[in-house]
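Colleague: This structure is in structure tokens; I'll ask about it shortly.
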Amino acid sequence: MSIDAMKTALEAMEELHRTGDTQVFDLCYAPKVIPALRLAIEQAEKQEPVAWLHVQGNYEEPSLRKLADDEVERGWEQYPLYTAPPQRQPLEDLNPGDDYA
């Protein structure tokens, strides 16, 4: 979940908790959901990106390093790509009955 999505969910939960008249939500969900979202946001904001996208004009270059100050001064921009490596999916045989030998 992105930080923006967590913040939006937290804002919605807090607003519903503050103004909602649903006792079930207030009694059962709000006390669990709101602290969990706060903790998730706090932890996500502490994470550093593990990869960057360097952009200059129409040229884009993924990288594992941040730009140096002189590169930024020369017009390069950088964007974090993600804060945790993507989960690897196991390869699956598309047609288990086929023999490729």
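The values are calculated or read from the model by the stated rules, or taken from the named source; none is laboratory data. Everything quoted here is computed from the prediction, not taken from an experiment. Positions of Cβ are generated from backbone atoms using ideal geometry, with glycine treated the same way; all protein chains shown enter the neighbour counts.
Colleague: I need the full set of residues from region 45-85 which are outside any loop (DSSP other than H, G, I, E, B) and among the aromatic types (F, W, Y), in order please.
Modeller: The first filter runs over region 45-85 and keeps only residues outside any loop (DSSP other than H, G, I, E, B), leaving 45-46, 51-56, 59-63, 69-73, 77-82.
Passing the criteria: W52, Y59, Y79, Y82.
Colleague: Would you please name the residue that is nearest to E73 (Cα to Cα), looking only at residues in region 1-38 that are under 14 Å from the mean Cα position of the chain (by Cα) and modelled with pLDDT of 80 or more?
Modeller: Going through the qualifying residues, I end up with K7.
Colleague: Any residue at all in region 54-61 that is among the hydrophobic types (A, V, I, L, M, F, W, C) and modelled with pLDDT of 90 or more? Give the steps one after another, and end with the answer.
Modeller: In the first step, residues of region 54-61 are kept if they are among the hydrophobic types (A, V, I, L, M, F, W, C); the result is 55.
Cutting the leftovers down to modelled with pLDDT of 90 or more gives us 55.
Yes, some residue in region 54-61 is among the hydrophobic types (A, V, I, L, M, F, W, C) and modelled with pLDDT of 90 or more.
Colleague: How many residues does region 22-51 contain that are closer than 19 Å to D4 by Cβ, exposed (fewer than 14 other Cβ atoms within 10 Å of the Cβ) and of a type in the set (K, R)?
Modeller: Result for region 22-51: 1.
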